[in-house]
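**Q** Okay, here's the structure, questions in a sec.
The values are calculated or read from the model by the stated rules, or taken from the named source; none is laboratory data. Everything quoted here is computed from the prediction, not taken from an experiment. So basically every Cβ, Gly included, is an ideal-geometry build from the backbone, and we count neighbours across all protein chains shown.
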Amino acid sequence: MKDIKQAVIFFSFYLKVYWKALSLGAILTIMATYFQVTAPVYMGKSLTELARFLTTWMNPMTRSTASKEHFYTALLMLLAFYIANAIAMFLSSMLISKVSSEATGQMRHGLFGKLQKMTIKYFDSHQDGKILSLFTSDLDNIFNAMNQAIFSLFSNLALWIGVIIVMFQQNTKLAWVTVISTPVAILFAWFVIKKARTAIDQQQDAVGRLNGFVNEQINGEKVIITNGLQAQSLHQFTDYNKDVRQTTLKGQIYSGLLFPLMQGMSLINLAVVIFFGSWLVLNDGMDKAVGLGLVATFVSFSQQYYQPITQITSIYNMLQLAITGARRLSEVHQQDEEIESENTENLPYIQDKVTLKNIHFSYNPGKEILHDVTIEVKKGEMVALVGPTGSGKTTVMNLLNRFYDVDAGQVLFDNQDIRHVSLQSLRDHVGIVLQDAVLFSGTIAENIKFGQPTIDDQAMIEAAKQAHIHDFISSLPDGYQTKISDENSVFSTGQKQLMSIARTILTNPDLLILDEATSNVDTVTENRIQKAMDNVIAGRTSFVIAHRLKTILNADKIVVLRDGQVIESGTHHELLEKEGFYAELYHNQMVFE
Ligand SMILES: Nc1ncnc2c1ncn2[C@@H]1O[C@H](COP(=O)(O)OP(=O)(O)OP(=O)(O)O)[C@@H](O)[C@H]1O
């Protein structure tokens, strides 16, 4: 029920601007229904007129007065009503399709826009695949439901009500005979739908498990091949696949049962209507020609009456999927956005220092990750953060860029708390080089100039030179215009890293955060990356997350983190002399270098 309420709010929000088109669609549907339910009356009339004509014509006394005029008029009306019905249906469905595609476009836009305002916390805690499925399966389900199911639901409901009204106008007894079996049909349909739904849920779970497995295996293919685990992988796949096959079959059997079941009910009902109709004509003293027409009319009504029940039950799943999709999209819209403080000022350039002051921080309530952390970096200096995995180095970086807000303490640029400056100006001042270099589809030039497309080529080339990647780019046939997404231009991790360093150099950040990434590359590339990093760091206020201690020997200050606490800090030599945790880390690493 809560889902349905949420879906109604969601759809009303996106559909309210289309109220005129939707009202017109509704009027056209009602008109189409009127034509459709009135047509059988003319069919009956034409048969009555034909019977009357034949009776008059077969009697030699009255033959001269026999006329087919009324028969032709009724036939023409029948034809006109069918044509009018087809035109109104066509216009209405075109209108609904237009509204559906435009509204889905708005939903897609709204979703993407919302994601752009979302906190990093959201992306940290939601899998990429799940976010992507909002754009693919959820929006597809919503579009299909709006385009087919909602239109079908409305037009079938209108048809159902219309048929009931016209049937009772035509003949109450036959109308009761036609509708009497409805509760049985709905009960059957309900039972089958419930079974089908459980089976389809199981099928979707099985498909989800299979996809998860395939995704994991593709990502880990190198490990599988190196360890010769292909046969085992295939064996596991066979089990997942079997599960999907079995649940799909079960789901299809139940959902496939619905249509023939309703069709069967409709045919039984038809036989009952013909039987009682003929009985009524023979025993009710009705004019035989009128009676024949009436039975023919109710044969048609009986089919029309069952058609909406069959259609509505068969679109139930489609509607259910759209309701789920609307709930999932609504949940995204309810997520927190990045908090832009009131009275925000622009962050001035650093004059003296950047400080993390007595920081306490937790991602989730009750589990503090950083405990009273204080770190200071003077303008133009480099501070290196070192510590075992999970000690909180990346978390410090997240706080400096205000991806998360601190629980207690302050992040200060000079004496300015970053919660009181605009997010945009903070992000303009801070440049980040991440461990995993991210390149977007487009050319190399577009990637280096990312976010500042108007910058001139000379500055871009200069940045690439400082990042030690210019020579490589120049050696490519298309140089800076080489397409990143091109199948033929697959760049190495090191090359991607250097390009992203060039991008950061070009933004000329006031504060640089560098998540050192030299573990995945060969020694030559590692040296080039190191030189590029030295270039980007030179004279710049910077925080470096160091994984390899030999790269930060020249840092102005090394801060050692353990379990979210600063346990030591000083220069490399000072820390070695202390013979504490850092000295131990350093000696241990040097053994492997
Ligand atoms: N998004 C998150 N939500 C909840 N906990 C998190 C999140 N990110 C990190 N943590 C937890 O915070 C702690 C510190 O993690 P952090 O990534 O800062 O460590 P790190 O020193 O950078 O580690 P590494 O050297 O392995 O990158 C860890 O216990 C980690 O499990």
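**Q** Quick one: would you say GLU337 is in contact (Cβ under 8 Å) with a residue 60 or more places away in the chain and buried (at least 16 other Cβ atoms within 10 Å of the Cβ)? I'd like the intermediate steps shown before the answer.
**A** Values: in contact (Cβ under 8 Å) with a residue 60 or more places away in the chain: yes; buried (at least 16 other Cβ atoms within 10 Å of the Cβ): no.
No, not satisfied.
**Q** Same structure again: Among the listed residues GLY409, GLY387, GLY366, identify the single one that is small (Gly, Ala, Ser) and surrounded by 20 or more Cβ atoms within 10 Å (Cβ to Cβ). Break it down stepwise before answering.
**A** Details: GLY409 fails: surrounded by 20 or more Cβ atoms within 10 Å (Cβ to Cβ); GLY366 fails: surrounded by 20 or more Cβ atoms within 10 Å (Cβ to Cβ).
Only one candidate qualifies: GLY387.
**Q** Would you please list the contacts, defined by Cβ atoms under 8 Å and residues six or more apart or on different chains, that run from a residue in segment 353-366 that is on the phi > 0 side of the Ramachandran plot to a residue that is more than 13 Å from the ligand (Cβ to nearest atom)?
**A** Correct list of pairs: ASN358/ASP372; ASN358/THR374; ASN358/ALA408; ASN358/GLY409; ASN358/GLN410.
**Q** Helices (runs of 4 or more DSSP H) wholly in segment 416-515 with at least 2 residues that are in contact with a strand residue (DSSP E or B) (Cβ under 9 Å, 6 or more places away or on another chain) - which ones?
**A** Working: elements: 423-429, 444-448, 457-466, 470-475, 493-507.
Qualifying helices (runs of 4 or more DSSP H): 423-429, 493-507.
**Q** Within segment 50-66, identify whether any single residue is among the aromatic types (Phe, Trp, Tyr), over 30 Å from GLN148 (Cα atoms) and out of contact with any strand residue (DSSP E or B) (no Cβ under 8 Å at 6 or more places or on another chain), and answer yes or no.
**A** In the first step, residues of segment 50-66 are kept if they are among the aromatic types (Phe, Trp, Tyr); the result is 53, 57.
Imposing the further condition that a residue be over 30 Å from GLN148 (Cα atoms) reduces the set to 53, 57.
After this cut, where a residue has to be out of contact with any strand residue (DSSP E or B) (no Cβ under 8 Å at 6 or more places or on another chain) as well, the list is 53, 57.
For segment 50-66, residues among the aromatic types (Phe, Trp, Tyr), over 30 Å from GLN148 (Cα atoms) and out of contact with any strand residue (DSSP E or B) (no Cβ under 8 Å at 6 or more places or on another chain): present.
**Q** Taking PRO348, is it in contact (Cβ under 8 Å) with a residue 40 or more places away in the chain, near the ligand (Cβ under 9 Å from one of its atoms) and assigned to a loop (DSSP other than H, G, I, E, B)? Lay out the reasoning, then the answer.
**A** Values: in contact (Cβ under 8 Å) with a residue 40 or more places away in the chain: yes; near the ligand (Cβ under 9 Å from one of its atoms): no; assigned to a loop (DSSP other than H, G, I, E, B): yes.
The answer is no for PRO348.
**Q** Ok, one more. Could you tell me how many of the residues in segment 372-413 are away from the ligand (no atom under 14 Å from the Cβ), assigned to a strand (DSSP E or B) and not charged (D, E, K, R)?
**A** Of the residues in segment 372-413, 10 are away from the ligand (no atom under 14 Å from the Cβ), assigned to a strand (DSSP E or B) and not charged (D, E, K, R).
**Q** When residues of segment 90-132 are filtered for being more than 16 Å from the ligand (Cβ to nearest atom), hydroxyl-bearing (Ser, Thr, Tyr) and either farther than 30 Å from ARG209 by Cβ or surrounded by fewer than 17 Cβ atoms within 10 Å (Cβ to Cβ) (or both), how many remain?
**A** To start, the set of residues in segment 90-132 that are more than 16 Å from the ligand (Cβ to nearest atom) comprises 90-117, 129, 132.
Within this subset, residues satisfying the condition of being hydroxyl-bearing (Ser, Thr, Tyr) are 92-93, 97, 100-101, 104.
Among the residues that remain, those that are also either farther than 30 Å from ARG209 by Cβ or surrounded by fewer than 17 Cβ atoms within 10 Å (Cβ to Cβ) (or both) are: 92-93, 97, 100-101.
Looking only at that region, the number is 5.
**Q** May I pose another question? Got a sec? Which of ILE369, ILE339 is modelled with pLDDT under 85, outside any helix (DSSP H, G or I) and either within 16 Å of the ligand (Cβ to nearest atom) or under 30 Å from ALA7 (Cβ atoms) (or both)? Steps first, please.
**A** Numbers: ILE369 fails: modelled with pLDDT under 85.
Of the residues listed, the single one that is modelled with pLDDT under 85, outside any helix (DSSP H, G or I) and either within 16 Å of the ligand (Cβ to nearest atom) or under 30 Å from ALA7 (Cβ atoms) (or both) is ILE339.
**Q** Small (Gly, Ala, Ser), at pLDDT below 90, within 30 Å of ARG209 (Cβ to Cβ) and surrounded by fewer than 16 Cβ atoms within 10 Å (Cβ to Cβ): does that describe SER137? Can you show your working first?
**A** Details: small (Gly, Ala, Ser): yes; at pLDDT below 90: yes; within 30 Å of ARG209 (Cβ to Cβ): yes; surrounded by fewer than 16 Cβ atoms within 10 Å (Cβ to Cβ): yes.
In short, yes.
**Q** Kindly indicate whether any position in segment 238-259 is in the same structural domain as ILE186 (by TED's automatic domain parsing), loosely packed, with under 14 Cβ neighbours inside 10 Å and assigned to a loop (DSSP other than H, G, I, E, B).
**A** no
**Q** Give the residue, chosen from ALA296, ALA231, that is in the same structural domain as GLY208 (by TED's automatic domain parsing), surrounded by fewer than 16 Cβ atoms within 10 Å (Cβ to Cβ), of a type in the set (Gly, Ala, Ser) and farther than 30 Å from LEU423 by Cβ.
**A** So the residue among ALA296, ALA231 that is in the same structural domain as GLY208 (by TED's automatic domain parsing), surrounded by fewer than 16 Cβ atoms within 10 Å (Cβ to Cβ), of a type in the set (Gly, Ala, Ser) and farther than 30 Å from LEU423 by Cβ is ALA231.
**Q** What's the total number of residues in segment 529-566 that are farther than 15 Å from VAL377 by Cβ, outside any loop (DSSP other than H, G, I, E, B), within 16 Å of the ligand (Cβ to nearest atom) and out of contact with any Phe, Trp or Tyr (no Cβ under 6 Å at 6 or more places or on another chain)?
**A** 3
**Q** Working carefully through the options VAL421, VAL433, find the one that is out of contact with any helix residue (DSSP H, G or I) (no Cβ under 8 Å at 6 or more places or on another chain) and β-branched (Val, Ile, Thr). Lay out the reasoning, then the answer.
**A** Values: VAL433 fails: out of contact with any helix residue (DSSP H, G or I) (no Cβ under 8 Å at 6 or more places or on another chain).
After applying the criteria, what remains is VAL421.
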